[in-house]
Amino acid sequence: MRLRTTATAMALALMATHAPAWADIEAAKAFLDAEVGELSTLDRAAQEAEMQWFIDAAKPYAGMEIKVVSETIDTHSYEASVLAPAFTAITGIKVTHDLIGEGDVVEKLQTQMQTGENIYDAYVNDSDLIGTHWRYQQARSLTDWMAGEGAAVTNPNLDLADFIGTQFTTAPDGELYQLPDQQFANLYWFRYDWFNDQKTKDDFKAKYGYDLGVPVNWSAYEDIAEFFTGRDMSYMGGPASAWGNMDYGKKDPSLGWRYTDAWMSMAGMGDVGEPNGLPVDEWGVRVDENSRPVGSCVTRGGATNDAAAVYAVTKAIEWLQKYTPPEAQGMTFGEAGPVPAQGAIAQQMFWYTAFTAASVVEGTPVMNEDGTPKWRMAPSPHGVYWQEGQKIGYQDVGSWTLMKSTPVDRAQAAWLYAQFVTSKTVDVKKAHVGLTFVRESTIQHESFTERAPKLGGLIEFYRSPARVQWSPTGTNIPDYPKMAQLWWQNIGDAMSGAKTPQEALDALCEEQEKVLERIEKSGVQGDIGPKMNEPQDAQVWLDAPGAPVAKLENEDEEPKTIAYDELIKSWQQ
């Protein structure tokens with residue numbers, strides 16, 4: 001398996017420098033030889049045919065320079081350093097692929113929406129913005145685009161049915177607004193070797209009275225966190241003092257994602273039903289039968305400040321303070337993600353599969369000499385308020401988005417690049433580098449069957465029907481850029497101790513409602529925008545079925561664990 005990238009990127013960049021007005025198939029063949037090989041769902045003849053299509057479709061845009069942007073993760077780094085220069089060499093369209101923080105991507109997108117200035121010709125932004133794109137109508141409907149202005153530059157081999165995340169990028173109007181580029185889930189991560197060691201298992205059972213295993217609920221997770229924190233694992237080659245939890249707490253945009261990305265729903269906030277619990281989602285926003293947001297606070301039927309939400313934030317802070325390395329309190333999402341691979345962490349409830357690549361590096365403390373991992377991934381445990389049928393986890397679906405403010409010819413050229421980096425020719429190789437999946441054909445490719453034992457359950461998860469229970473933020477959120485920033489600011493107040501979790505969430509729901517009310521008064525989203533409920537006594541809503549929920553007398557439930565191997569069998573069924 002060839003995972004060369006740097007040398008190929010340099011060669012293609014040099015090739016692009018000397019490219020003619022538009023390149024020819026020889027540039028494509030050089031790319032296929034150097035970078036793709038057999039790591040594709042297409043045979044060589046089909047690869048060349050797809051590349052020839054890109055060459056022909058790109059001719060009207062020869063010499064054009066375009067700019068696109070995405071967040072900085074391994075998948076996008078590969079696109080920027082390898083696929084962008086390859087695309088330039090093959091098509092003659094010079095593409096600059098900027099890599100910036102996710103919060104910065106959202107800020108640039110928001111600025112383009114507000115000003116109409118064409119900052120970027122295409123964005124890879126999360127499908128969490130689907131409610132925003134649908135309501136504001138500033139992103140091009142790709143359904144209309146592919147049938148109209150983008151028809152001549154739409155790859156006949158695109159095969160939308162092969163993408164596993166288009167249900168997340170399709171709005172209630174049935175239109176596709178975004179094309180998935182990378183996809184990863186948040187799962188539970190744990191040291192499989194420690195959990196299966198007989199001494200460790202015996203010690204745990206002697207202390208807690210039940211078997212050490214994958215925690216099904218938060219009570220068991222907490223026991224395991226307590227058990228491993230400070231434990232001397234040197235008898236297994238581990239640290240003299242381990243940690244039972246990993247998280248992050250810096251007041252930064254990524255702190256908000258930590259909660260909106262399903263932490264609240266795993267605790268039991270929101271309604272039963274997928275996707276995202278209707279009428280109340282994991283942001284606590286309630287919508288009516290027409291998908292119009294009607295409230296966020298309990299007094300309007302929302303759940304952002306209900307008992308399940310308070311429980312979620314309280315537990316996160318408690319575990320961060322008790323069972324997590326102290327430096328984690330000053331870390332962001334990106335800084336905390338690779339830490340479990342350093343060898344001192346026993347488990348992490350909220351771990352993104354985007355960090356798989358960093359966790360399978362040879363020679364790290366969490367890898368065996370034979371290249372298999374000492375860790376595994378599994379579904380995250382759920383909190384005491386969680387009910388069967390509620391959302392079980394989050395999936396990040398970074399997706400190509402074309403704004404209406406982008407001139408047509410620039411959007412057409414950018415659409416070619418977006419299709420190139422998600423094409424069947426390159427997708428298997430890209431997935432091996434970044435370990436993020438968007439195509440069913442890639443997931444089923446034989447190279448991943450071979451590599452599965454070295455990826456800790458990632459392939460088993462994505463090949464299982466269970467994966468559909470992990471979903472992004474849905475369409476309840478009418479303005480993701482404005483509302484997302486409220487989360488990290490208010491949760492940050494709870495993390496710092498400036499406010500109690502209840503006070504922080506009360507402030508958060510009120511601020512969310514102010515945004516909803518402003519949108520309603522502006523009328524810019526028409527009859528699919530917010531239409532706020534009148535406030536009522538909270539008890540009216542607490543007595544009604546579903547979310548919001550009242551505080552339980554006892555938030556400690558009986559801990560429950562399951563053997564990992566049994567869990568995998570249930571996935572395979």
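The values are calculated or read from the model by the stated rules, or taken from the named source; none is laboratory data. This one's a predicted model, so the numbers in the text were calculated from it and none came from an experiment. Note that we place each Cβ from the backbone using ideal geometry, even for glycine, and neighbour counts take in every protein chain shown.
Remarks
- Checking each residue in the range 120-145 for being touching a Leu at 6+ places or on another chain (Cβ under 8 Å) and among the hydrophobic types (A, V, I, L, M, F, W, C) picks out 122, 129, 139, 142, 145.
- Any helices (runs of 4 or more DSSP H) falling wholly within the range 214-312 and containing at least 3 residues that are at pLDDT below 95 and touching a Pro at 6+ places or on another chain (Cβ under 6 Å): none
- Residue within the range 507-518 that is surrounded by fewer than 18 Cβ atoms within 10 Å (Cβ to Cβ), of a type in the set (Asp, Glu) and either closer than 24 Å to residue 276 by Cα or out of contact with any strand residue (DSSP E or B) (no Cβ under 6 Å at 6 or more places or on another chain) (or both) present: yes
- Residues of the range 520-573 classified as surrounded by 15 or more Cβ atoms within 10 Å (Cβ to Cβ), charged (D, E, K, R) and part of a helix (DSSP H, G or I), total: 1
- All positions within the range 313-341 that are assigned to a loop (DSSP other than H, G, I, E, B) and in contact with an Asp or Glu (Cβ under 8 Å, 6 or more places away or on another chain): 324, 332
- Residue within the range 541-550 that is within 29 Å of the chain's Cα centre (by Cα), small (Gly, Ala, Ser) and within 18 Å of residue 382 (Cβ to Cβ) present: yes
- For the range 366-400, the tally of residues that are closer than 17 Å to residue 315 by Cβ and assigned to a strand (DSSP E or B) stands at 2.
- Any chance residue 152 is farther than 24 Å from residue 519 by Cα and surrounded by 23 or more Cβ atoms within 10 Å (Cβ to Cβ): no
- The range 163-185, residues that are surrounded by fewer than 18 Cβ atoms within 10 Å (Cβ to Cβ) and in a helix (DSSP H, G or I): 167
- Checked against (1) within 25 Å of residue 224 (Cβ to Cβ); (2) assigned by TED's automatic domain parsing to the domain that holds residue 275; (3) surrounded by fewer than 18 Cβ atoms within 10 Å (Cβ to Cβ), residue 498 passes all but a single condition, namely (1).
- Residues being within 17 Å of residue 68 (Cβ to Cβ) and charged (D, E, K, R) - total across the range 413-438: 1
- Residues of the range 342-365 classified as free of Cβ contacts under 8 Å to residues at least 40 places away in the same chain, in a loop (DSSP other than H, G, I, E, B) and crowded, with 20+ Cβ neighbours inside 10 Å, total: 0
- Residue match in the range 393-401 (condition: more than 17 Å from the chain's Cα centre (by Cα) and either more than 17 Å from residue 571 (Cα to Cα) or at pLDDT 95 or above (or both)): no
- Checked against (1) under 30 Å from residue 234 (Cβ atoms); (2) touching a Leu at 6+ places or on another chain (Cβ under 6 Å); (3) among the small types (Gly, Ala, Ser), residue 411 meets all criteria but (1).
- Residues in the range 205-221 that are buried (at least 23 other Cβ atoms within 10 Å of the Cβ) and among the aromatic types (Phe, Trp, Tyr): 218, 221.
- Selection status of residue 408, assigned by TED's automatic domain parsing to the domain that holds residue 55, in contact (Cβ under 8 Å) with a residue 40 or more places away in the chain and surrounded by fewer than 17 Cβ atoms within 10 Å (Cβ to Cβ): yes
- Listed by position, the strands (runs of 3 or more DSSP E) contained in the range 36-146 that have at least 2 residues being surrounded by fewer than 22 Cβ atoms within 10 Å (Cβ to Cβ) are 65-71, 94-100.
Residue-by-condition table, conditions (1) without any contact (Cβ under 8 Å) to a residue 40 or more places away in the chain; (2) in contact with a helix residue (DSSP H, G or I) (Cβ under 8 Å, 6 or more places away or on another chain); (3) over 30 Å from residue 125 (Cβ atoms):
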| residue | (1), (2), (3) |
| --- | --- |
| 500 | yes, yes, yes |
| 507 | yes, yes, no |
| 521 | yes, no, no |
| 525 | no, yes, no |
| 563 | no, no, yes |
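- When residues of the range 448-480 are limited to those that are among the polar types (S, T, N, Q) and assigned to a helix (DSSP H, G or I), the one modelled with the highest pLDDT: 449
- The one condition from (1) crowded, with 18+ Cβ neighbours inside 10 Å; (2) farther than 30 Å from residue 446 by Cα; (3) among the small types (Gly, Ala, Ser); (4) at pLDDT below 90 that residue 336 does not meet is (4).
- Qualifying positions in the range 164-180 - more than 15 Å from the chain's Cα centre (by Cα) and of a type outside the set (Ser, Thr, Tyr): 171, 172, 173, 174, 175, 176
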